[in-house]
1. Please identify the pairs in which a residue from segment 27-40 that is closer than 14 Å to CYS10 by Cβ has its Cβ atom under 6 Å from the Cβ atom of a residue that is loosely packed, with under 10 Cβ neighbours inside 10 Å, counting only partners at least 6 apart or on another chain.
2. Across segment 43-74, what is the total count of residues that are touching a residue at least 40 places away in the same chain (Cβ under 8 Å) and assigned to a loop (DSSP other than H, G, I, E, B)?
3. Which members of segment 39-74 meet the condition of being acidic (Asp, Glu) and over 15 Å from LYS16 (Cβ atoms)?
4. What is the residue count in segment 75-92 for residues that are part of a helix (DSSP H, G or I) and more than 25 Å from ALA22 (Cβ to Cβ)?
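Derivation of every value follows stated rules applied to the coordinates shown; laboratory data play no part. All values derive from a computational prediction rather than experimental measurement. Glycine also receives a Cβ, built like all others from the backbone with ideal geometry; neighbour counts cover every protein chain displayed.
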Amino acid sequence: MAIDNKLRGCDLAKMKVVDIMASGQIKERASVLQSKTQKPVCFEITKGTRTSVEKWLEDELMVGSEYLWPGRFHERSHISTRQYARIVRDWVRSIGLEAIAYGTHNAADQGHPNLQKDGKSARGTTLARAY
């Protein structure tokens, strides 16, 4: 989801189900308050992402979860930014790319919705599919 929507990893990790859902439906557009700037950022949730998130929300792990990406341990309410980085790294490797050449830190800062490779974009799919 962050890859599609220019969200920072820290903002994705803290995203709550209510941020993207209304009346039992995944919203087409959502807004979250950025941790770094304290400004709201609006983003579109593409059909493919909505489908993936709907499937994710049906998972037994999600029952009773306030956060869209819950942590593995009870003392953690959501995944950490580090866990998010590992998910992206593993996803990049799984599609045959060199993980060291890709990252998410500068994707939001440079205003580009895709992963960055040496300053050039590389089309990605949703984090929901990788998670």
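1. Pairs that qualify, where the first residue is closer than 14 Å to CYS10 by Cβ and the partner is loosely packed, with under 10 Cβ neighbours inside 10 Å, are LEU33/PRO40.
2. The qualifying residues number 6.
3. GLU44, GLU54, GLU58, ASP59, GLU60
4. Adding up the residues that qualify gives 11.
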